[in-house]
Amino acid sequence: MHPEPHFRDTQAEITKVSVGPMDNNVYIVRCRETGDSVLLDAANEHERLLELCQALGVRKVLETHGHWDHIQAVPAVRDAGYEVGITAADAAMLPSYDFVLEDDTVIEVGRLRLRTVLTPGHTAGSMCFVVEGSPVLLSGDTLFPGGPGATKFEGGDFATIIRSIDDRLFSKLAADTIVLPGHGADTTIGDERPHLQEWIDRGW
């Protein structure tokens, strides 16, 4: 039995599971018309993720960034035959990968279209994904309820993540866009956008 979808509309179903000691969110984005899916962030608990891959028609794996807690299951999913994509800037953080994710391109998932949005700052190559035609942003660790992702780790820079969020997310996405982050609960662009100056003032 796989979990009920966390989000569903006429074209997409998104399943959310939390894995590993850091409670990483893993998302499976599925085209309702064709049944094809992608998995975002092979974080941990590879046996569980591989069961979901088989049950939900996953075709490939996309990594939002290269931090250790988001990539623990990468070797296992690659061994099982799933190709893994990561940005060039974060590729060296992975033990192995198959293709490079580039900014502002479309990844077709059946009839679904996932638009890539490069948002450096949490890492140099952090990537978000917009589901075209659905009010959904998969933000990795770039944006959470209450602020940006931490920038004290490898590849992090506070001024860069603020600029990425403001220029590439807040300026371009509708207020009702649901934000599905790499850890924790959902939020929306409209809920977070008014607080940008507070984040700048507090410095994280």
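Since every read-out is calculated from the coordinates, none of them should be taken as a lab result. Because the structure is a prediction, the values reported are computed rather than measured. So basically every Cβ, Gly included, is an ideal-geometry build from the backbone, and we count neighbours across all protein chains shown.
General observations
- Antiparallel %, DSSP beta bridges [both residues in the chain], to 5: 70
- Qualifying trypsin sites (Lys or Arg not before Pro) in the range 42-142, DSSP loop, other Cβ atoms within 10 Å at most 13: ARG111
- Separation between Cα centres of the range 4-19 and the range 140-156, rounded to whole Å: 23
- For the chain, relative contact order (Cα pairs under 8 Å, six or more residues apart, normalised by length) works out to 14 percent.
- 5 angstrom amide H check on THR64, placed H, neighbours 5+ away: ASP41
- Debye equation applied to the C-alpha atoms of the range 72-188, log10 I(q)/I(0) at 0.15, 0.24 Å⁻¹: -0.68, -1.48
- Largest mean-square fluctuation among ASP79, ASP41, ASP90, in a Gaussian network model of the chain whose springs join Cα atoms under 10 Å apart, belongs to ASP79.
- When the chain is treated as a Gaussian network with alpha carbon springs shorter than 10 Å, the biggest mean-square fluctuation among HIS65, HIS122, HIS46 belongs to HIS46.
- Rounded D (µm²/s) - the range 7-202, Kirkwood Rh over Cα pairs, Stokes-Einstein at 10 °C, 1.306 mPa s: 97
- Surface/4 estimate of mean projected area, convex hull on alpha-carbon atoms of the range 4-74, nm²: 4.4
- By the equivalent-ellipsoid construction on the alpha carbon gyration tensor, the range 60-104 comes out with semi-axes of 16, 12, 8 Å, ordered largest to smallest.
- Acute angle (nearest 10 degrees) that the helix 46-56 long axis makes with the longest principal axis of the chain, alpha-carbon atoms: 70
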